[in-house]
Structures are given as structure tokens and as C-alpha cells.
Amino acid sequence: MTTPIVIDCDPGHDDAIAILLALASPEVELRGISTVAGNQTLDKTTRNALKVLELADRADIPVVAGADAPLKRTLRTAANVHGETGLDGPDLPDPTTKPVDGDVVDVLAEWLEPGVVLVPTGPLTNVARLLRQHPHATDRIVWMGGAIAEGNVTPAAEFNAYVDPEAAHIVFESGIDLTMIGLDVTHMALFDSTHAERLRGAGKAGKAVAELADFFLEFHRQRYRFDGAPIHDAMAVAHVIDPTLVTTLNCNISIETTSELCDGRTVVDRWLVTGRPKNAHAGIDVDAHRFLELLVERIGSLG
Ligand code: BDR
Ligand code: CA
């Protein structure tokens, strides 16, 4: 059975690899991509999404540009992680196509027919705007973001949650079937130089991913002393491809929006101590080896 998906993203090295994983996987059909400001400004994330489709010879897939800023806050980008272009490293082909016309909310509402899973891999600005206008626009969301334990952009918060906590709050209160693939699980699966070397000779997509990894691994080596990099966003796509990879826990997740130290924290009731209603599924474990092998095999198959 093939699951149709829409990816809402801010490419971004790991967003780009998530898109390629989706394109390489028969279990999912990528219906469209919406972009949001996050890792870089909206013009750059949109151009990057188009470039990734161009690389994969899939410029037939529509891209719509979404929000250029969070709902209430000033945009904070991650140029330190992804570079000035948002996809520093490889020399990717220039896009031959343009984003489709229209407001992202209208376009997403049209794309999200029943059964289509929405996979956001950036700040939740577009998704919150969508749900404010169309509260039942989708019946399943698998989001890369948040963390049960430590954050990455502040001690308390993960980047996607931190950039637009008000949007995250709206999405987590929506009642929609929601899975959070957070740092706790993405940090368990590090893509290292041996994975990159297996891909470097595997066609233009493999070469581009190896070069994305060169840049991304260097950041993680310097910043965290990791011998590899978490390909965060690809794990959200992988969870739709194969739900046995990530173990999840149904629990309450609430978003902090009014704290000087903890804004953007995803407060996960891991041990069910609050009695608050269960509103999400939090990733708590992953079969890292199988996830990384899936990633390498599928990207390698793109040629
Ligand atoms: C998330 O933040 C971004 O930098 C990545 O693309 C990923 O979506 C990880 O915290
Ligand atoms: Ca992202």
C-alpha cells in the first residue's frame, strides 16, 4: 500500500535528504512540498526545495512557498548549521521550475485529501495557519521537532519548536493524530562517514547526499563532538515508510510559550504523571541500524 504524503519543510541538509528518501521509497508518494522560513529565509528554503527536486529529476512535484516568518516572533535561522544558502556543500542544479501560485493554506488544503499524511520538518507556522482556517484539513501529522530531554538551540528547546512555539502550541492542541519525532530518537542514529562513502559513487543523488553529509558532519563534529550527524527530518519520513522503526509513546505533549528560559520546550509527559489528555505520540526509541540502512539503500537507488 502506498501512503500519499506532503512534506512541509525548510531545506536544510536533513530536509533535503528527507525529500530524497521520500522520492526513493515506493511506500510513499510525495504529492507536494510546502516551504517555510526556518533554517534559512523563505526565498532560500523554497529555492532549495526546487533544487532538490531538480537533482532527482522530479521537478513535476509541485512546491508552494509558505510563511516567511513565525506567527508572532522574529525569525531565527540556523545559518550556523546549514550555511548561508541553507544547503551549503554540494553544487546543486539550478531550478527550472517555479513555485505554484496561491496561498500556502489554500494549496495545502487542496493537496491534503483524506488519507494524505502531512510531514512537517520545520517550524510549524504553515501547519498552524492551515489548522486555524481548516481545523480538519488533515487526519495525520508526523512532525520532526521537539525533544523529551535536552534541546539543541537552547538548553530546553529544539530548533523547530523554538522558532515558532505559538504555532507548535496550535498544532499540539488541534486534536489531530500527531507524532513527534524529536531529538531523543534522531540523536540515536548517526549518519557517519562510512555511510557517506557508500553513497559518494552512487549516482548524482548519492554524490549530493555525500557532499551534504560532509558539511553537516563537520558541524556536528565541531559543535557536539559527534562522530556522525543525525539526519533528523529523514526519520519522520522513515516513520511513515516503516512504522516499526521508531517506537512511540502515546502521552501528553504541551508547548511552553511564556518562559524566558524554556520557550519552545516540548513538555512531554513521558511517565504519564500529569493526568493531562494524551494528544500525541512521542518517539522514544529507534532501530538506528535499520533506519540508516534504509536511508543509504534508498538514496543509493535513486542513481
Ligand atoms: C531540526 O532543525 C533544523 O535545523 C533541521 O532541519 C531539523 O528539522 C533539528 O533540530
Ligand atoms: Ca528541517
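Here are the numbers:
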item	result
Flag if ALA22 is over 11 Å from the mean Cα position of the chain (by Cα) and buried (at least 24 other Cβ atoms within 10 Å of the Cβ)	yes
From ASP88, ASP94, residue being touching a residue at least 40 places away in the same chain (Cβ under 8 Å), farther than 24 Å from CYS251 by Cβ, among the charged types (D, E, K, R) and within 14 Å of ligand 1 (Cβ to nearest atom)	ASP88
Within the stretch 222-239, tally of residues that are more than 16 Å from ligand 2 (Cβ to nearest atom) and either under 21 Å from VAL142 (Cβ atoms) or touching a helix residue (DSSP H, G or I) at 6+ places or on another chain (Cβ under 6 Å) (or both)	1
Qualifying residue in the stretch 137-159 (condition: in contact (Cβ under 8 Å) with a residue 40 or more places away in the chain, small (Gly, Ala, Ser) and in contact with a Phe, Trp or Tyr (Cβ under 6 Å, 6 or more places away or on another chain))	no
Yes/no for LEU295 being hydrophobic (A, V, I, L, M, F, W, C) and under 26 Å from ILE19 (Cα atoms)	yes
Search result, residues across the stretch 105-136 that are among the small types (Gly, Ala, Ser), touching a residue at least 60 places away in the same chain (Cβ under 8 Å) and away from ligand 2 (no atom under 16 Å from the Cβ)	GLY115
Which numbered condition HIS239 misses (of (1) crowded, with 20+ Cβ neighbours inside 10 Å; (2) within 18 Å of the chain's Cα centre (by Cα); (3) more than 24 Å from ILE33 (Cα to Cα))	(3)
The stretch 238-250, residues that are in contact with a strand residue (DSSP E or B) (Cβ under 6 Å, 6 or more places away or on another chain) and either free of Cβ contacts under 8 Å to residues at least 40 places away in the same chain or more than 30 Å from GLU27 (Cβ to Cβ) (or both)	THR247, LEU249, ASN250
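Every residue, every condition in (1) modelled with pLDDT of 95 or more; (2) within 18 Å of ALA147 (Cβ to Cβ); (3) hydroxyl-bearing (Ser, Thr, Tyr); (4) part of a strand (DSSP E or B), yes or no:
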| site | (1), (2), (3), (4) |
| --- | --- |
| THR244 | yes, no, yes, no |
| THR247 | yes, yes, yes, yes |
| SER254 | yes, yes, yes, yes |
| THR258 | yes, no, yes, no |
| ARG270 | yes, yes, no, no |
| LYS278 | yes, no, no, no |
| GLY283 | yes, yes, no, yes |
| HIS289 | yes, no, no, no |
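The values are calculated or read from the model by the stated rules, or taken from the named source; none is laboratory data. Just so it is clear, the structure is predicted and the values come from calculations on it, not from any experiment. All Cβ positions, glycine included, derive from the backbone under ideal geometry; neighbour counts span all protein chains shown.
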